[in-house]
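Peer 1: I'd like to ask you about the structure that follows.
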């Protein structure tokens, strides 16, 4: 009895050791003769849920492309999942979709720096392209990765453009910064510093905001006391609204300035109860009210395909804009040699591509597609936005 | 700005924010006084009621004098349902079990509210404007802040009188002291518990409605205030209503003083630091009698 | 379940030869699993195993010693950050870093246990809540910890065999550690220390009258619990490949507590079941769509229409919270002993079948 047990365990071990030498298969390609599989994660729920519109926007964009005939005869099959802005969920979801047949050819956009970082290593290791992360972080391009193409202009660059505009065009001297104490806010702050150093100026005061803070009285009091002419905001929409409301109650009315994160003017006007007037902000994408032919086409697609309750706002359009270069790259990939490496080569050939965002260019070793933004301002009613400057890049 | 005036302004600002925290603390203390449960669902019950008010006001366009009682009623119903459907049914009502139930409730309410109203932040139309102000000397106070302080004071005073002098209030105290003896004395403890939860939810909803106009209405709106209300209750004493009111005001003032004079970045650490200090020095809180356990 | 006739029978690991055989089968299945299943499933099982470790640790504290902790995400985070930082800055090898990180977490557990001696029930819950939140804030603010995107996690350095993928390598570290942890927990519970824990839970004053040192055993419970959780945290850092402070939040602490309670307090098997169930649910509920509801026979389309009309379609993923909350609440109402309670009831029912 004991001998038999011993024999069995030895046999088991032997078999297992043999099996240990099995090689690991590569991830599936995600392409068939008639389909290309593209996927995106997004915060459909959780604290960042307003940005969930990006992933849904990409879905409508792809439906529009498919209705026009797809990419050289192949239709795009789009997969979207909710990661709640939680990196653990992002990575799990990416793996699940990537490894289940038929796999995913490439990943589009995807909101969040932390979620993106969780997915980045996995995607890069497996040679899966990723275009247009919906987060302007230096992590995507330092160092540049073969398969990662960033589109969103860096907060760092944006800040420089904004400061330059305020000082040179508006003649402002006393600038204050209200920033979120996370990567987003700090990147913006660094950009402000760089430009201020170049102009040999200093900010009057810099006030950080904690992530969960709902009471900004002390913050606004500090700003008011500093006597700043303009307050540059690198915060999320809720904090901006609370800041403006608190400032209104304190009778403090500086020139409010914001990064592109708050460029959804109708939303901001709506949730601030009408306070979002005459606010200057940068945009990385054409205004939804623009009358360009491309915007009209996208509006028609929105009317046709978007879910009930969806809004034709900046985040939704970002789902189009971040993915436009990807579609261009897919179109340039040779139909009969549709591999990931060929897609990468096609992406690198994109120069001065213009969709509804700024000019986008890639190249060998060049992975930051867009660096230009333009400055705009809401008017007295807060409902209309007027463009104040042309597309500008920091250098 | 002259610095004495600045100090007073910060103080006043902290006091008004603290009044909102007091309301939440009062709501939590009511529940703790009657059922010895930490109600983690407090914040989200208030959030759901605020969203309900938003729907009535912004979507259906009802006037405020109709929407307010409706929202309060909604909150009371949620509180009653929570007690009747869930807490009462717990087979083993030990502390851990009850905490798990309130946490589970919190998740359910959060999920439902978030699903129904979506994640985009919204603005609550409120009859008292958050940015119309009166000026006293150099001090600027908004109407909303005044309303918040007034409401908190009225509610605190009302509750204090209620618990001390009214029949229902005394019955509630008796239920907490010893539930079985209270039943023997003829008090309908089940109804008492129901009323406590309903009352608490209603007060929480008031807090939500007062906090919302100064910010946005979104699913996470009450998480931060709830933590602070919670810390205020700990500070003032979980079994003491005046303690809760006082704790809220102290919390608001200390937090804002810290934020203005020391650092805004670490402002959120203040409530937890206060909790730690209180628990180390006087765990039962400022105004509550020391908890003595009978063997 | 079965009557124990001697001390030896009570404390021994395997109750009978049949149990040993099943255990070997389990070992074989666990070993073969990564070769037969796709990499995604390997990932899921590793994730569940890490949660099992946490649930074990937390159950030792909550179920067996009767304390309460709403701050275990803090220990999880300490384990993760300490492991990564030790490897980055002190160049420790992985296993040593895991060990040291777990000991660091245990030390913090001990520190948290000290006030626990004075605090009762709800106040202890509040104190642990404060602890968890403070740790999260420290991770975010203190530059040493890499700020809001966290420190870079080094590549997983152990390769068991050349043909294995990263997922499988991690799996082969996580699973043996989890198995060891489960066996250790089981042994601990049946030993003198475990009995002391239970005595503290049932009546601490009586226990101290009997000579059980409250100070020693309560702090020990916290420390051991933190050790398990810290170890799990260190493994998690490699499993996810990236750590940032927002992961170790209050919600995570709540989910850990839910795993323990849903699985069954004071039960090793319960911890395993609870952790596996909630981990899998977490990953499965992500991609739910209205179309999935419509697929339910008969009432499906009606349900889908109602949901579509009343709720915002874009917020569908919130169902995850609702399901979690419902499970937590229903378990407390229906079966306070959790999944383990269901398991026991099933066993009892079938024991006398078909009579």
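Just so it is clear, none of the values below were taken in a lab; they were calculated from the coordinates. Computed from a predicted structure; not experimentally measured. Positions of Cβ are backbone-derived with ideal geometry, glycine not excepted, and every protein chain shown enters the neighbour counts.
Peer 1: With the Cα gyration tensor of the protein assembly as shown giving a ≥ b ≥ c as the square roots of its eigenvalues, does the rule (a/c under 1.5 for rounded; else a/b larger than b/c for prolate; else oblate) give rounded, prolate or oblate?
Peer 2: oblate
Peer 1: Given only helices, namely DSSP H runs of n ≥ 4 each adding -39500 (n - 2.57), what is the per-residue ellipticity at 222 nm of chain C, to the nearest 500 deg cm²/dmol?
Peer 2: Per the formula, -23500 deg cm²/dmol.
Peer 1: Restricting to Cα pairs below 8 Å that are 6+ residues apart, what does the relative contact order work out to for chain B? Please round to a whole percent. Walk me through the numbers before you get to the answer.
Peer 2: Numbers: 468 pairs, mean separation 104.3, N = 295.
Reported as a whole number, the value is 35 percent.
Peer 1: Give me the percent of DSSP beta bridges within chain A that run antiparallel, rounded to the nearest 5. Before the final figure, lay out each step's value.
Peer 2: Values: 14 of 46 bridges.
The antiparallel fraction comes to roughly 30 percent.
Peer 1: A follow-up question, please. For region A:90-166, what does the relative contact order come out to in percent, with C-alpha contacts under 8 Å and a separation of six or more?
Peer 2: About 25 percent, as a whole number.
Peer 1: Using only the Cα atoms of region A:321-394, what semi-axes does the equivalent ellipsoid have when each is the square root of 5 times a gyration tensor eigenvalue? Give whole Å, largest first.
Peer 2: Output for region A:321-394: semi-axes of 33, 13, 7 Å.
Peer 1: Separation between the residue A:168 and residue A:351 pseudo-spin-labels, each 7 Å from Cα along Cα→Cβ, expressed in nm?
Peer 2: Modelled inter-label distance: 2.6 nm.
Peer 1: Same structure again: What's the FRET efficiency of residue C:29 with residue C:156 using the Cβ-Cβ distance as r and R₀ = 22 Å, to the nearest 0.05?
Peer 2: Result of the calculation: an efficiency of 0.40.
Peer 1: Go ahead and collect, in residue order, the members of region B:133-175 whose backbone nitrogen is under 11 Å from a label point 7 Å along the Cα-Cβ direction of residue B:191.
Peer 2: B:168
Peer 1: I need the fraction of alpha carbon pairs in region A:140-262 separated by more than 18 Å, rounded to a whole percent.
Peer 2: Tail of P(r) above 18 Å: 51 percent of Cα pairs.
Peer 1: Something else: Sum -39500 (n - 2.57) across every DSSP H segment of at least 4 residues in chain A, then divide by the residue count to get the 222 nm mean residue ellipticity, nearest 500.
Peer 2: It lands at -12000 deg cm²/dmol.
Peer 1: Rounded, prolate or oblate: which one fits region C:139-235, using the alpha carbon gyration tensor with axes a ≥ b ≥ c (rounded when a/c is under 1.5, else prolate when a/b beats b/c, else oblate)?
Peer 2: Note, shape of region C:139-235 comes out oblate.
Peer 1: Quick one: among C:68, C:175, C:333, which has the greatest mean-square fluctuation in a GNM of chain C with alpha-carbon springs under 10 angstrom?
Peer 2: Between C:68, C:175, C:333, it is C:333 that shows the largest mean-square fluctuation.
Peer 1: Related question: Once every DSSP H run of n ≥ 4 in chain B is given -39500 (n - 2.57) and the sum is divided by its residues, what mean residue ellipticity at 222 nm do you get, rounded to the nearest 500 deg cm²/dmol? It would help to have the intermediate numbers written out before the result.
Peer 2: Values: 11 runs with 198 residues, N = 295.
It comes out at -22500 deg cm²/dmol, rounded to the nearest 500.
Peer 1: I would also like to ask the following. So, R0 is 25 Å and r is the distance between the beta-carbons of residue C:190 and residue B:94; what FRET efficiency does that work out to, to 0.05?
Peer 2: E(calc), rounded to 0.05, equals 0.55.
Peer 1: Per the Kirkwood formula on distinct C-alpha pairs, the Rh of region A:234-284 is how many angstrom?
Peer 2: Value: 10.9 Å, from the Cα pair sum.
Peer 1: Rounded to the nearest 5, what % of DSSP beta bridges with both residues in the protein assembly as shown are antiparallel? Write out the running numbers ahead of the final one.
Peer 2: Working: 19 of 51 bridges.
Bridges in the protein assembly as shown are about 35 percent antiparallel.
Peer 1: Taking the beta-carbon count within 10 Å as an exposure proxy, list A:79, A:219 from fewest neighbours to most.
Peer 2: If I rank by nearby Cβ atoms, fewest first, I get A:79, A:219.
Peer 1: Write down Rg/Rh for region A:159-221, rounded to two decimals, with Rg from the C-alpha atoms and Rh from the Kirkwood relation over Cα pairs.
Peer 2: Values: Rg = 12.5 Å, Rh = 12.4 Å.
Rg divided by Rh gives 1.01.
Peer 1: To the nearest Å, what is the center-to-center distance of region B:42-92 and region C:118-132, using C-alpha atoms only?
Peer 2: About 29 Å separates the Cα centre of region B:42-92 from the one of region C:118-132.
Peer 1: Give the shape of chain C as rounded, prolate or oblate, defined through the alpha-carbon gyration tensor: a ≥ b ≥ c are the square roots of its eigenvalues, a/c under 1.5 means rounded, and otherwise the shape is prolate if a/b is larger than b/c and oblate if not.
Peer 2: It is rounded, given that a/c, with a ≥ b ≥ c, falls under 1.5.
Peer 1: Moving on to the next point. How big is Rg to Rh over chain B, alpha-carbon atoms, Rh as the Kirkwood inverse-mean-distance radius?
Peer 2: 0.97
Peer 1: Strictly greater than 29 Å: what percent of every Cα pair in chain A meets that? Walk me through the intermediate numbers first.
Peer 2: Details: 35717 of 77815 pairs.
Within chain A, distances greater than 29 Å cover 46 percent of Cα pairs.
Peer 1: Just to verify a number: FRET efficiency for residue A:389 and residue C:114, C-beta to C-beta distance, R0 = 51 Å, to 0.05? Please report the intermediate quantities before stating the final value.
Peer 2: Numbers: r = 60 Å, r/R0 = 1.18.
With a Förster radius of 51 Å, E is 0.25.
Peer 1: Say each of residue B:7 and residue B:85 gets a label point 7 Å from the Cα, pointing the same way as Cα to Cβ; how far apart are those two points in nm?
Peer 2: The answer from the label model is 5.3 nm.
Peer 1: Can you give me the relative contact order of chain A as a percent, contacts being Cα pairs under 8 Å and 6 or more apart? Intermediate results must be reported in sequence, preceding the final value.
Peer 2: Numbers: 744 pairs, mean separation 66.3, N = 395.
Computed value for chain A: 17 percent relative contact order.
Peer 1: How many nm is it between the label spots at residue C:284 and residue B:176, if each spot is 7 Å from the Cα in line with the beta carbon?
Peer 2: The modelled label-to-label distance comes out at 4.3 nm.
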